[in-house]
Structure formats: structure tokens, C-alpha cells
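Novice: Below are the C-alpha cells for one structure; questions will follow.
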Amino acid sequence: MERFGAFATPAIFYSDVGGALQKAQGAPPAASLARIMDGK
């Protein structure tokens, strides 16, 4: 996790709509989590 710059739990790695790797650290708000899980 440290290699990818993650220092918080949870750390979520996902691809955005353009295919770029994104990172969310800590507990994201519900709206952000829905966007991350849906990929949009």
C-alpha cells in the first residue's frame, strides 16, 4: 500500500471513466462511493 501512496484505511483504487487509476483514502461520502463502484 505504501508503494502506491496509500496511508489511510480504507484505501480504494479504481479506474475513472477515462481509464486512469484513481485513489480514494479514508471513508468516502456515499455519493463518491456510488460513483467509484459504478465507474461513472
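Novice: Which ones in segment 14-32 are of a type in the set (A, V, I, L, M, F, W, C), closer than 20 Å to F4 by Cα and not in a loop (DSSP other than H, G, I, E, B)?
Specialist: Within segment 14-32, L21, A24 meet the criteria.
Novice: Can you tell me which condition M1 does not meet? The list is (1) modelled with pLDDT of 80 or more; (2) more than 8 Å from the chain's Cα centre (by Cα); (3) surrounded by 10 or more Cβ atoms within 10 Å (Cβ to Cβ), and all the others hold.
Specialist: (1)
Novice: Oh, and also: What number of residues within segment 1-13 satisfy the criterion of being of a type in the set (D, E, K, R) and either part of a strand (DSSP E or B) or in contact with a helix residue (DSSP H, G or I) (Cβ under 8 Å, 6 or more places away or on another chain) (or both)?
Specialist: Of the residues in that region, 0 qualify.
Novice: Note down all Cβ pairs under 9 Å where the first residue falls in segment 8-23 and is hydroxyl-bearing (S, T, Y), the second is in a strand (DSSP E or B), and they're at least six residues apart or on different chains.
Specialist: Cβ pairs passing all conditions: T9/Q25; Y14/L21; Y14/Q22; Y14/K23; Y14/A24; S15/L21; S15/Q22.
Novice: Considering only segment 14-40, state which residues are surrounded by 13 or more Cβ atoms within 10 Å (Cβ to Cβ) and hydrophobic (A, V, I, L, M, F, W, C).
Specialist: Hits for segment 14-40 are A24, L33, I36.
Novice: Just give me the residues in segment 4-16 being modelled with pLDDT of 85 or more and out of contact with any Leu (no Cβ under 9 Å at 6 or more places or on another chain), in sequence order.
Specialist: Selection gives P10, A11, D16.
The values are calculated or read from the model by the stated rules, or taken from the named source; none is laboratory data. These figures come from a predicted structure and were not determined experimentally. Every residue, glycine as well, gets a Cβ built from its backbone with ideal geometry; the counts of neighbours run over all protein chains shown.
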